[in-house]
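Undergrad: Here you go, one structure.
Values in this text are rule-based calculations from the coordinates and carry no lab data. The model shown is predicted, which means the values in this text are computed figures rather than measured ones. So basically every Cβ, Gly included, is an ideal-geometry build from the backbone, and we count neighbours across all protein chains shown.
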Amino acid sequence: MIWYIVKRLAIAIPTLLFIALVSFWLMHIAPGGPFDMERPMPEVVRANIEAKFHLDQPFLTQFWIYIG
């Protein structure tokens, strides 16, 4: 029984990580950004918001923050 659970987890965990990666990637390549529909804002404010939400980080860093 334990062996069955281990095998199922060995399949489930990579599958869930792959699904999370694909969905995160699809959101990442979508045109526009999360703040594009807001009213116009100064570039300094935009840069601060992007830094706060880690949108200025590389893709994999953003993904691990999303997973974590």
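Undergrad: Can you find, within segment 29-49, the residue that is nearest to residue 61 (Cα to Cα) among those that are within 17 Å of the chain's Cα centre (by Cα) and without any contact (Cβ under 8 Å) to a residue 12 or more places away in the chain?
TA: Going residue by residue through segment 29-49, those that are within 17 Å of the chain's Cα centre (by Cα) are 29-35, 49.
Among the residues that remain, those that are also without any contact (Cβ under 8 Å) to a residue 12 or more places away in the chain are: 29-32.
Values: 29: 16, 30: 18, 31: 20, 32: 20 Å.
Residue satisfying both the conditions and the ranking: 29.
Undergrad: Cβ-Cβ under 6 Å, sequence separation 6+ or interchain: first residue in segment 1-28 and closer than 30 Å to residue 50 by Cα, partner surrounded by 10 or more Cβ atoms within 10 Å (Cβ to Cβ). Which pairs?
TA: Between residues of segment 1-28 that are closer than 30 Å to residue 50 by Cα and residues that are surrounded by 10 or more Cβ atoms within 10 Å (Cβ to Cβ), the close pairs are 24/63; 24/66.
Undergrad: Still on this structure, I have one more. Scan segment 32-68 residue by residue and report those that are of a type in the set (Gly, Ala, Ser) and under 24 Å from residue 21 (Cβ atoms). Lay out the reasoning, then the answer.
TA: First pass over segment 32-68, keeping only residues of a type in the set (Gly, Ala, Ser): 32-33, 47, 51, 68.
If the condition is that a residue be of a type in the set (Gly, Ala, Ser) and under 24 Å from residue 21 (Cβ atoms), then 32, 33, 51, 68 are the ones that fit.
Undergrad: Output yes when any residue across segment 55-64 is among the acidic types (Asp, Glu), in a loop (DSSP other than H, G, I, E, B) and either loosely packed, with under 10 Cβ neighbours inside 10 Å or touching a residue at least 24 places away in the same chain (Cβ under 8 Å) (or both), and no when none is.
TA: In the first step, residues of segment 55-64 are kept if they are among the acidic types (Asp, Glu); the result is 56.
Adding the requirement that they be in a loop (DSSP other than H, G, I, E, B) leaves 56.
Next cut, either loosely packed, with under 10 Cβ neighbours inside 10 Å or touching a residue at least 24 places away in the same chain (Cβ under 8 Å) (or both) only: none.
No, because not a single residue in segment 55-64 is among the acidic types (Asp, Glu), in a loop (DSSP other than H, G, I, E, B) and either loosely packed, with under 10 Cβ neighbours inside 10 Å or touching a residue at least 24 places away in the same chain (Cβ under 8 Å) (or both).
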